[in-house]
Amino acid sequence: MMRSVANGTTPAVKPVIVGMADMTVSNLAGDTLITYALGSCLGIVVHDAVAGVAGMLHVMLPSSQIDEAKAKGQPAMFVDTGVPMLFREAYRLGARKERMTVIVAGGSFSGRTDAEDTFQIGKRNMLTLRKLLWKNGVLIHAEDTGGVQQSRTMSVQVTGGLVQLRTNGVLSVLGPARPALPLVPSFPSAVAAASSR
């Protein structure tokens, strides 16, 4: 679903629920996109602060190759078809790749331990996502993934890009993240900062 300002009118602003195998992109200033029950599924948020665009995708499975007919009807079900669709819809509302932040949650193990998680769906979802983003020159700016039998609720506010996560009842903040931040500080600047204290 795409929610946008059209013809000079602004629809009523409210929390927008993103279901399983679903996606919403919005440029409505007051919207908060929210998804529930992220276990092995992934919640993927993109945000462009300059364009005022946020999108959320709730994917269930890594690869559409297991059911190409289903992928055509429900591309948001799969990482490999849902993520490109999320980016395209965000671009359509004015987002630009170089300004976008990407925040991810979910991907937990469904067994009591990693070894008991027979299908490793959460792990495979993250692996597929990382490969897809890497091939397209996109980095994950923040994440809360993995864990054993975790249940996560994720939300993003279109204005400001605040990303909140509730994991087994505990609230935390994952964003906003800044796209220009380096992944790891360089060794000399880290040493200089530590020695100046």
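Coordinate-derived values only; no laboratory data. In this text, all values refer to a predicted model and were calculated from it rather than measured experimentally. Cβ sites come from the backbone with ideal geometry, for glycine too, and all protein chains shown count toward neighbours.
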Cβ-based net charge around Gln74, under 14 Å, with every Lys or Arg adding one and every Asp or Glu removing one: -2
Low-density loop cleavage sites - chymotrypsin sites (Phe, Trp or Tyr not before Pro) in the stretch 75-179, where at most 12 other Cβ are within 10 Å (DSSP): Phe119
Once the Cα gyration tensor of the stretch 1-146 is diagonalised, semi-axes √(5λ) in Å: 27, 15, 15
Virtual spin-label span in nm between Leu132 and Ser63, 7 Å along Cα→Cβ: 1.3 nm
Set of lysines with alpha-carbon distance to Lys131 below 16 Å, sequence-local pairs under 8 removed: Lys123
Low-density loop positions, trypsin sites (Lys or Arg not before Pro), the stretch 28-121 - DSSP coil, at most 15 other Cβ in 10 Å: Arg96, Arg112
